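Working notes, beginning with the structure itself.
The values are calculated or read from the model by the stated rules, or taken from the named source; none is laboratory data. As the structure is a prediction and not an experimental result, all values here were calculated from the model. A quick note on method: Cβ atoms are made from the backbone with ideal geometry, for glycine too, and the neighbour counts reach across all protein chains shown.
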Amino acid sequence: MIRYSGLLAAVAVGALVPMVLAAQESEAASCPREPPRAVTEKGVVREVTGDPPCRLVFRRTGVRLTAAPDGSRPDPGPTVVKDGRGRYYSANADGWPSTISVWSADGAYLSSFGSRGEGPGEFRGWDLSLFVGRADSLHVHDAADWTVFSPAQEFVRRAPSRWMGSVGPLRLQETIALLYDGRVIASNTHRSTGDAYFRMVNPSDGTLEYTFGTAEQGTGASGDYGHDRAIAYNARRAGFWAAPSIEGASGYVLEHWSIEPQRPDIVQSLRRRQPWFTWRGNPITSSRIGELHITADGLLYVVVLRPSEEYAEAMERYEGVMQEGGGWTPEIQEEIDTLDQTLVDFVVEVIDTESATLLASAAYSAGDVMRGNPVLPQGLFRDGLTGYVYGVGEDGLPYVDIVEGVLERE
C-alpha cells in the first residue's frame, strides 16, 4: 500500500486542514421530521428512505479560543472537547507537547496543565486524545496510559491503555467511546482480539473485560487492514452506533448495538443505499465513514470519504510504480496532492434514527473543504451538533472557532 502525506492520510486520522469559517445568516424554516417508526424485532434492518428535505449549515457562535501573540501561554490545539459546565479543553498545539489547556465557556484562557514524564499527571505519549466522562471528569489517552483528572484538573488515577489501541486508519476519538459508567468501548485494530470488532475495557486498571461483534453478526470482514470502525455513543440513546468496517464493507450500513453485560448484540441497522460505497481492496481508494456522531435527540451525523473511480485508477498506477521498484519523487507527491483536492469528495449526511429518514445530504470536493467553503467542523461535542473548527489566521496564530450546526428546510 502506498504511504504518503496527502489529504487522505490526514483525514484518516481526523486532521482536517485549517479552514476559515464565513459567517452565515439565514431565515430558513426548521427542518421537518417524520413520526418515529417502532422497531419491534431485534436485529431488524431498516431502509433509510426519503429525499433529503433540508440542508445542514454550520454557523459561527462567536466563541473563539485564541493564541497569545507573545507566546506566553499555550496555543489552542486541534483537539478540543467540551464539558458539562461549558468549559473547553484543548491539546496537541504545535510547540506545546503533552499540554492541555482549559478555556471558559466564552473562550477566555483559564489555565493549562500536563507535561511529558513518568509522574502522576504527566504523559508518556506525544499525541493526546481527550474524553469527558461522568461528573465532568477528563480522561486522557496518550497511547501508553489512560489518565483521569477531576473537574478541577487534579490527577485521579492512571492505568495502561494498551487495550484501547493506538491511532490507526481512523483517529482514536472516532474509534473509542467512553461510557457514562466509566468503561470504554474500543473498535480500533487490536489483532490479539481475533475476529471481534469491539472490546469492552475497564480503564480503572486497563484490563480487557470481553470482546464482541464479528463479521457474521453484521457488516464487513476482518483482514489485513484491520477492524477499525467509527462509533458513536450517547447515554440517552441506549447502546452505541457503529459504521461499517473499512475492509469488506457490504454497503453503507449503520448498526445500533446494545451494551448489555456479556451479551451485546445488534438492536437494529440502518441501510443507506449508495452504489458508490464499495470496497476496492485498498482503504486509500475505497469509500469509508470517517466520522459518526449521535445527538441526544437521535440524529446521526455521518461523514463519508468518497474517492472517485478516476482517483482509484490513478492511485493504482502509482502503487504499480512502487511495486516495480520505482522511486517516490516530489513530482509524484505533487500530483497526488492535486488528485486529493479534485477527485475526492466528502459526503455529509444527517439521518433521523427514529424514523429512518434522510434529512440532509451534500457532497463537497476536498479542495473546497480545504479552502474553507463549505466548512466542516473538525469534531462535534457530545449530545448535539455543536463543534469546532481549527484554523490559522493571516497573522500565523492558531485559533479555534466554536460552531453550531443547524438543519434548515431547503
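What the table below lists for this structure:
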quantity	calculated
Hey, Asn282 surrounded by fewer than 20 Cβ atoms within 10 Å (Cβ to Cβ) and either at pLDDT 80 or above or in contact with a helix residue (DSSP H, G or I) (Cβ under 7 Å, 6 or more places away or on another chain) (or both) or not	yes
Considering residues of region 115-141 that are out of contact with any Gly (no Cβ under 7 Å at 6 or more places or on another chain) and part of a strand (DSSP E or B) only, the residue nearest to Gly165 (Cα to Cα)	His141
So Gly391, is it among the small types (Gly, Ala, Ser), more than 20 Å from Tyr301 (Cβ to Cβ) and either assigned to a strand (DSSP E or B) or modelled with pLDDT of 90 or more (or both)	yes
Pair list, Cβ under 8 Å, 6 or more apart: region 136-157 residue of a type in the set (D, E, K, R), other residue buried (at least 21 other Cβ atoms within 10 Å of the Cβ)	Asp142/Phe123; Asp142/Leu128; Asp142/Ser129; Asp142/Ser161; Asp145/Phe123; Asp145/Arg158; Asp145/Ser161; Arg157/Thr147
Selected residue (only one of Ala91, Ala105, Ala135, Ala144 is on the phi > 0 side of the Ramachandran plot and aliphatic (A, V, I, L, M))	Ala135
Check on Thr357, of a type in the set (S, T, N, Q), touching a His at 6+ places or on another chain (Cβ under 8 Å) and in contact (Cβ under 8 Å) with a residue 40 or more places away in the chain	no
Subset of region 323-359 [of a type in the set (Val, Ile, Thr) and under 22 Å from the mean Cα position of the chain (by Cα)]	Val344, Val347, Val348, Val350, Ile351, Thr353
First in region 383-394 and within 17 Å of Gly405 (Cβ to Cβ), second anywhere and of a type in the set (Ser, Thr, Tyr), Cβ under 7 Å, 6 or more apart	Asp383/Thr295; Gly384/Thr295; Leu385/Thr295; Leu385/Tyr301
Of all residues making up region 373-384, the number that are touching a strand residue (DSSP E or B) at 6+ places or on another chain (Cβ under 8 Å) and either modelled with pLDDT under 90 or buried (at least 20 other Cβ atoms within 10 Å of the Cβ) (or both)	8
Any hit, region 300-316, residues being closer than 30 Å to Asp195 by Cα, surrounded by fewer than 19 Cβ atoms within 10 Å (Cβ to Cβ), in contact with a helix residue (DSSP H, G or I) (Cβ under 7 Å, 6 or more places away or on another chain) and among the charged types (D, E, K, R)	no
Looking only at region 162-180, and only at residues there that are within 15 Å of Thr207 (Cβ to Cβ) and either more than 16 Å from the chain's Cα centre (by Cα) or hydroxyl-bearing (Ser, Thr, Tyr) (or both), the one that is modelled with the highest pLDDT	Trp163
Pairs, first without any contact (Cβ under 8 Å) to a residue 40 or more places away in the chain and within 9 Å of Asp142 (Cβ to Cβ) in region 114-129, second part of a loop (DSSP other than H, G, I, E, B) and hydrophobic (A, V, I, L, M, F, W, C), C-beta under 7 Å, six or more apart	Arg124/Ala144; Gly125/Ala143; Gly125/Ala144
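Residue-by-condition table, conditions (1) over 19 Å from Met164 (Cα atoms); (2) modelled with pLDDT of 90 or more; (3) not hydroxyl-bearing (Ser, Thr, Tyr):
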{"site": "Ala196", "(1), (2), (3)": "no, no, yes"}
{"site": "Val201", "(1), (2), (3)": "no, yes, yes"}
{"site": "Asp224", "(1), (2), (3)": "yes, no, yes"}
{"site": "Tyr233", "(1), (2), (3)": "no, yes, no"}
